[in-house]
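K.L.:
Take a look at this one; I'll ask things after.
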Amino acid sequence: MSRIPRLLIVDDELHVRESLSHWFTEDGYDVETANGGHEALAALGRKSFDVIISDIKMPGMDGLELQRRVHEKDPNVAIVLVTAYASVDTAVQALKEGAYDYLVKPFDPEELSKVVAKACEKASLTKENTALKEKLAQSGPTIVTGSSPGMQKVMELAEMVAPTETSVLIRGESGTGKELIARLIHMRSGRSFGPMVAVNCGALQESILESELFGHEKGAFTGAVNRRKGKLELADGGTLFLDEIGDISPKVQVELLRSLEDHKITRLGGGQEIPVDFRLICATNKDLDLAVEDGSFRDDLFFRINVFGITIPPLRDRPEDILPIADHFLQRYAGAMGRRVTGYSSEVKDFFMSYRWPGNVRELANAVERSLVVCRDTEIQLDHLPLVKRSGDEIDGEDSQSLSTLEEKHVRRILKQTSFNVTQAAKILGIDRVTLYNKMRKFGIERE
């Protein structure tokens, strides 16, 4: 313990209290005494104790009743019960009801000292464990769900599957928060003390993804100057999150399936099988059922990863969530920037509700953050959202065109506006760089 252990001695005999108090004070404990159960509870109301040494046979409230009352308030307090009236039944009852130990008078002070030292150590570990769990819970992802039935169902499913070891497939458009849900599941699982290792499968070429997932030995290929552990190996004891799982090649699909079935991996260029133990969570914005049908995604791998499915609805399908989420990001970013912006004008709220949000929550977050950069009022006005407003106005005037055509025009417009700065354009569009590159390939857009 970093502080001096606190000890409460409860006995109706004055000489016992004084002798034990003197003994443990010399041992370096912070000691208080009480002449009975009621006085002990009063002391507990003033401060906390790590260990309580209590006689069992006392007038009024006995030691067993005191133990029950103490553990109702703080189950982490270690209680050592002592008595001159030893019986097997009493000892069994005391230990069964949560006593740390049970000693018979007259006892050896050295023996009691050892028992108390171990009890303090246990109390310290218990409190540290509780504090760590609370810290982990607080450090978990902040997910603003809103009140829509769709997101309430997502959260319900995530909480339901989290304590299990079941593989989870999270589906949803880009920007809906798939990785946040994955992190929530990890933090609520029995593996929360282990690592959560994330891999964006869509961002890497086949050969690079193989090395990233399975690792490699020194000399396995040109440039492999050192041995390197792969993500599957690094996730041992924790959770492996494979984002954009639908983008992996047939070859990597086979290798991944083998590792999932055997719970073993072999590094590239190596021959040794290495056991791995992780919980698998995958995410995709593709229609994997269709990919299985057309043969681009293996059905056996699909069944392996899709044991439990969660689908996150796009923001446009849950308009009741838009303003609460926008308010959350306003408070978050305004606080970080030191801006005294308290809300949105009615025009901005109307725009938020009418806009389609193709980039979902990520695009909304970026819109709020950008607006705060230029806002000098107490409310965000419509002219603080020039990029979103302009894109919205132009799209509204082109109702006769297909959604794909409008999307292509919008992507081209933003890329040209940013001089083909892909990072900046992706941020404005509310999507990640990989998704933007995929759209550029889809529409045949090349850098000017």
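The values are calculated or read from the model by the stated rules, or taken from the named source; none is laboratory data. Here the structure is a predicted model, which means the values were calculated and not measured. Virtual Cβ from ideal backbone geometry, glycine too; neighbours counted across all protein chains shown.
K.L.:
Please work out which residue is surrounded by the most Cβ atoms within 10 Å (Cβ to Cβ), limiting yourself to segment 56-76 and to residues that are in contact with a Lys or Arg (Cβ under 8 Å, 6 or more places away or on another chain) and closer than 22 Å to S113 by Cβ.
P.N.:
The extreme case among them is G63.
K.L.:
Could you list, in sequence order, all residues of segment 291-326 that are surrounded by 17 or more Cβ atoms within 10 Å (Cβ to Cβ), small (G, A, S) and not in a helix (DSSP H, G or I)?
P.N.:
Those that are surrounded by 17 or more Cβ atoms within 10 Å (Cβ to Cβ), small (G, A, S) and not in a helix (DSSP H, G or I): none in segment 291-326.
K.L.:
Would you confirm whether any residue within segment 209-226 is of a type in the set (S, T, Y) and assigned to a loop (DSSP other than H, G, I, E, B)?
P.N.:
yes
K.L.:
Look through segment 14-58, keep the residues that are among the basic types (K, R) and more than 38 Å from the chain's Cα centre (by Cα), and return whichever of them is nearest to A123 (Cα to Cα).
P.N.:
Of everything passing the filter in segment 14-58, R17 is nearest to A123 (Cα to Cα).
K.L.:
May I pose another question? Out of the residues in segment 80-102 meeting the condition of being outside any helix (DSSP H, G or I) and of a type in the set (S, T, N, Q), tell me which one is modelled with the lowest pLDDT.
P.N.:
Taking the candidates together, the pick is S87.
K.L.:
When you check R68 against the structure, is it in a loop (DSSP other than H, G, I, E, B) and under 45 Å from the mean Cα position of the chain (by Cα), yes or no?
P.N.:
no
K.L.:
Against the definition (of a type in the set (S, T, Y) and crowded, with 20+ Cβ neighbours inside 10 Å), how does T284 come out, yes or no? Lay out the reasoning, then the answer.
P.N.:
Numbers: of a type in the set (S, T, Y): yes; crowded, with 20+ Cβ neighbours inside 10 Å: yes.
For T284, the condition - of a type in the set (S, T, Y) and crowded, with 20+ Cβ neighbours inside 10 Å - is met.
K.L.:
Follow-up. Within segment 149-161, how many residues turn out to be surrounded by fewer than 22 Cβ atoms within 10 Å (Cβ to Cβ) and either at pLDDT below 90 or more than 14 Å from C282 (Cα to Cα) (or both)?
P.N.:
Selection size over segment 149-161: 9.
K.L.:
For segment 169-196, name all the residues that are under 29 Å from L429 (Cβ atoms), surrounded by fewer than 19 Cβ atoms within 10 Å (Cβ to Cβ) and of a type in the set (A, V, I, L, M, F, W, C).
P.N.:
L180 - this is the single residue of segment 169-196 that is under 29 Å from L429 (Cβ atoms), surrounded by fewer than 19 Cβ atoms within 10 Å (Cβ to Cβ) and of a type in the set (A, V, I, L, M, F, W, C).
K.L.:
On to the next question. Just for segment 217-267: of the residues that are farther than 30 Å from P163 by Cα and in contact with an Asp or Glu (Cβ under 6 Å, 6 or more places away or on another chain), which one is modelled with the highest pLDDT? Show your work before the answer.
P.N.:
Going through segment 217-267, the residues farther than 30 Å from P163 by Cα turn out to be 217-228, 249-251, 267.
Next cut, in contact with an Asp or Glu (Cβ under 6 Å, 6 or more places away or on another chain) only: 227, 249, 267.
Working: R227: 81, S249: 92, R267: 89.
Of everything passing the filter in segment 217-267, S249 is modelled with the highest pLDDT.
Yes/no matrix, rows are residues, columns are (1) of a type outside the set (V, I, T); (2) surrounded by 22 or more Cβ atoms within 10 Å (Cβ to Cβ):
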| site | (1), (2) |
| --- | --- |
| R6 | yes, no |
| I9 | no, yes |
| L14 | yes, no |
| S21 | yes, no |
| E26 | yes, no |
| G37 | yes, yes |
| A43 | yes, no |
| R46 | yes, no |
